[in-house]
Amino acid sequence: MKKTFCAKMIPYLFIAPTVILLAVFSYYAIGNAVFTSFTDKSSNFIGIRNYVDAFHDEMFLTSFKNQVVITVAAVFFSVFFPLLASELLFFIKHKKISGFIRTAFVIPMLVPSIVVILIWKYLYNPNFGFNTILQKIGANGWIHNWLNDEKTALFAIVLIGFPFVSGMYFLIFHSGLNMIGEELYEAAIVDGATNWNVVKDIHLPNVKPYTKIVVTLSLINSLSGFGLVAATTNGGPGFATMIPALQMYKVAFGDGNFGYASALGVVLFLVIILLTMVSRKLLKDGE
Amino acid sequence: MGVKRKITPGYVVSRLVVILLLITTAFPFLMLINMSLKPNVMITNDFLGLPNPVYWMNFSKALKFIFKPVLNSIYVCGISLFFIIIIVALSGYAFGRMEFKGRKVLYSLILAVMMIPYTLLIIPNFHIVKGLHIVDTFWALIIPYVAGQQVMGIILAESFFRELPGDIFEAARIDGAGEFGMFARIAMPLSKPILITVGITSVVAMYNDYIWPTIAITGGDNVKTFCQIVFNNAAGKGTNDMGLIAAAFIIGTIPLLIATASCLKYYVQGMMVGAVKG
C-alpha cells in the first residue's frame, strides 16, 4: 500500500517546482495586479476610480493613439520587408551567394536588441549620424533633432531597425518558401511560368500560414514591449511618443502610484487578450 | 550548364534591391564598429570617415568597466539556465509521459500563463522580490527568470516526451526500472536536442533583458547586468564618450554572439515552435 501511494505522488513531485513558481510569480502576481488596480497611492480601496481616471487621462489616450501607429507600422514592416527579402533570396540560385546573403541577414539578429536600439539613437543624434549624411549630400533643410522634435519623434521611433529584415520573421518566411513542394514548381515550369507567376500563384497562397504567424507575433511583441521607447525618447518630447506600457512603468516606478499603474496595465492586458483572440480566430478560419 | 542567363530588367532590379537591403541592414553595425575604433572627437567631427589611425584604447578602457557587468550577465544566465533545464525536464516529462489526477487542468493553467503580458507582471513581481528581501541581489533576477522562462520550455518538452515511442519505456519497466530510473536513464539522454533548444532560447531572452534588472537591481554597479548598463547609458547615466560606449557594446555582444551562433539551428527551431504555439 505504501509503495503505491509513493508512486502516485511521484508526478506531483516532478511538477512541484513549476507549480510553486507559477503560483507565486504568475497567478498570485496577476491577482495582486488586479487587486492593486482598485487601490490608491496609500493602498485604500477606491473601486473603479483608477479605471475612470484612465479613460479621462489625456496622456493615456495619446499613448493608445501612438501605440496604434507603432503597432500598425510594426506589423506591416514585419511582413513586408522580410517577405520581400526571402522572395528575392529565393530566386538567387547560386548556392554560395544565397548562403552568404542569408548569413548576412541573420547575424544582426544575434546582437542584443538594446545595443541595436542605442546604435539607432546615435544615428538620430542632432550633431552626427544621419544628419552628417544629409549635410554631405547638401540636404541641410532635412536636418532634424529627430528624436527630440515633436513632429519627427514618433516617425523616427517607428523606423528604428529599418529595413527590418534581419531576424526571426525573415527566417520564418525563408523556411516557409523552402518548404513548398518541388512538384508545384515543376508543373509551373512546364506551363512556362515566369518568376512573377511563381511568386503570385505559388508563393503568396502557400506562405499565408507563415504570414499569419508573423502578424500574431509582431502584434503581441509590439503591444507588450516598451523598451525601445524607454531607451530612445522615454515618451518625450512632452508625451508625444508615450505608449501605454511605458506610461504604466513610469507611473509605478517614477511616481510610485502603483494602483493607477496597475489599472493601466490591466487595460493593456485586456486589449492584448482581445487582439490575440481576434488574430487567433482569423488564423483558424484560414485553415 | 553553360546556358547564359537572360539579363532582364526584373533581374537587375531584384539584385539591386537585395544589395540595398544588405547595405541598409549592415549600416548601423558597421557604424558601431567604426565608432568603436575612433576617439570621441572624431565621431562628432568626422562621423562617416574611417578611423585613422585606429584607436584601440576604447577597447582596453571599455573592458575595465564593462567586464564585471558582462560577467554578471553570464552568471545570472548560467544559474538560471541550470534551474530552467532541471525544472523543464521534470515537468515536461511528468506532463508528457505520466498519468495523474489533474494533469489536464494543471497543464492548461501552464498554457494560460503564455497569455499574460510580461509588462503586467512587472509591478506585482517587484513587490514579491521586495517581500522576499532579495532586491539588489542576483536572486531577484534568477528566480523570476526561472519562473517565466520555464513555461515555453515545458510546452516544448511536453510534446517532445509525449511523442517518444512507448516501447523503450515498456522495455525498461520490464527490466525493473522505476519512474525515476526511466526519467534519468532513458528520457534525459534522448531529450538533449530539445533541452538545448529550450536553453538557448531562454538564455537569449535573459541576456537581452534590461527592463526587469533596472527594477530589481537598483544598487551599485557591481551587481548590474550588461544590457542594464547599456540601457542606463541610454537614459543619460554614465560616460559620454561614445567611442568607449561603442567598444563596450561590442564586448558585451560577443558572449551572446558565440552562444547563439554555436546553437543557431536549435535557437531558430525554438523560436519557430514558440511562434506556432504562442
Check your understanding: Somewhere in the stretch A:189-208, is a residue crowded, with 20+ Cβ neighbours inside 10 Å, away from chain B (no Cβ under 11 Å), at pLDDT 85 or above and under 30 Å from A:His144 (Cβ atoms)?
Key -> no
Check your understanding: Looking at (1) more than 12 Å from every other protein chain (Cβ to nearest Cβ); (2) touching a Leu at 6+ places or on another chain (Cβ under 6 Å); (3) under 30 Å from A:Leu204 (Cβ atoms), which is the only condition A:Ser98 fails?
Key -> (1)
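This table checks each residue for (1) buried (at least 18 other Cβ atoms within 10 Å of the Cβ); (2) over 21 Å from the mean Cα position of the chain (by Cα); (3) farther than 23 Å from A:Gly225 by Cα.
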residue: A:Val106; (1), (2), (3): yes, no, no
residue: A:Leu110; (1), (2), (3): yes, no, no
residue: A:Trp120; (1), (2), (3): yes, no, no
residue: A:Ile133; (1), (2), (3): no, yes, yes
residue: A:Trp142; (1), (2), (3): no, yes, yes
residue: A:Leu147; (1), (2), (3): yes, no, no
residue: A:Glu150; (1), (2), (3): no, yes, no
Exercise for review: May I ask you to verify whether A:Val115 is closer than 18 Å to A:Leu147 by Cα, at the interface with another protein chain (Cβ under 7 Å from one of its Cβ atoms) and either of a type in the set (Gly, Ala, Ser) or part of a helix (DSSP H, G or I) (or both)?
Suggested key: yes
Exercise for review: Look through A:Tyr169, A:Tyr185 and report the one residue that is assigned by TED's automatic domain parsing to the domain that holds A:Ile243, without any contact (Cβ under 8 Å) to a residue 60 or more places away in the chain and of a type in the set (Phe, Trp, Tyr).
Suggested key: A:Tyr185
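Which members of the stretch A:252-264 meet the condition of being of a type in the set (A, V, I, L, M) and surrounded by fewer than 24 Cβ atoms within 10 Å (Cβ to Cβ)?
Within the stretch A:252-264, A:Ala252 is the sole residue that qualifies.
Quick one: is B:Leu20 within 24 Å of the chain's Cα centre (by Cα) and exposed (fewer than 13 other Cβ atoms within 10 Å of the Cβ)? Talk me through it step by step, then tell me what you get.
On the way: within 24 Å of the chain's Cα centre (by Cα): no; exposed (fewer than 13 other Cβ atoms within 10 Å of the Cβ): yes.
Answer is no for this residue.
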Check your understanding: Quick check: is even one residue across the stretch A:214-224 at pLDDT 90 or above, surrounded by fewer than 23 Cβ atoms within 10 Å (Cβ to Cβ) and over 16 Å from A:Glu58 (Cβ atoms)?
Key -> no
Exercise for review: Go through (1) more than 8 Å from chain A (Cβ to nearest Cβ); (2) at pLDDT 85 or above; (3) under 30 Å from B:Ala112 (Cβ atoms) and name the single condition B:Tyr210 misses.
Suggested key: (1)
Check your understanding: Looking at (1) β-branched (Val, Ile, Thr); (2) within 22 Å of the chain's Cα centre (by Cα); (3) within 26 Å of A:Tyr12 (Cα to Cα); (4) surrounded by fewer than 19 Cβ atoms within 10 Å (Cβ to Cβ), can you tell me which one B:Thr137 breaks?
Key -> (3)
Revision key, fill the gap. Flagged in the stretch A:109-123 as modelled with pLDDT of 85 or more and under 19 Å from B:Ile23 (Cβ atoms), in numbering order, are A:Val111, A:Val116, A:Ile119, A:Trp120, A:Tyr122, A:Leu123
Study note, to complete from the structure: From the option list A:Ser279, A:Ser222, A:Ser262, single residue qualifying as more than 16 Å from A:Lys65 (Cα to Cα), in a helix (DSSP H, G or I) and more than 10 Å from chain B (Cβ to nearest Cβ) is A:Ser279
Exercise for review: Can you give me the number of residues within the stretch A:227-243 that are surrounded by fewer than 23 Cβ atoms within 10 Å (Cβ to Cβ), touching a helix residue (DSSP H, G or I) at 6+ places or on another chain (Cβ under 6 Å) and at the interface with chain B (Cβ under 9 Å from one of its Cβ atoms)?
Suggested key: 2
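Return the only residue of A:Phe91, A:Phe35, A:Phe55, A:Phe76 being among the hydrophobic types (A, V, I, L, M, F, W, C), at the interface with another protein chain (Cβ under 10 Å from one of its Cβ atoms), surrounded by fewer than 17 Cβ atoms within 10 Å (Cβ to Cβ) and more than 27 Å from B:Gln149 (Cβ to Cβ). First the steps, then the outcome.
On the way: A:Phe35 fails: more than 27 Å from B:Gln149 (Cβ to Cβ); A:Phe55 fails: at the interface with another protein chain (Cβ under 10 Å from one of its Cβ atoms); A:Phe76 fails: at the interface with another protein chain (Cβ under 10 Å from one of its Cβ atoms).
The conditions single out A:Phe91.
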Review point. Given the conditions (1) surrounded by 16 or more Cβ atoms within 10 Å (Cβ to Cβ); (2) among the polar types (S, T, N, Q); (3) within 30 Å of B:Ile142 (Cα to Cα), and given that A:Asn50 satisfies all but one, which numbered condition is not satisfied?
Key: (3)
Study note, to complete from the structure: When restricted to B:Phe59, B:Phe95, B:Phe47, B:Phe100, the only residue facing chain A (nearest Cβ under 10 Å) and modelled with pLDDT of 90 or more is B:Phe95
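The values are calculated or read from the model by the stated rules, or taken from the named source; none is laboratory data. Small disclaimer: the values here were computed from a predicted structure and weren't measured. Cβ sites come from the backbone with ideal geometry, for glycine too, and all protein chains shown count toward neighbours.
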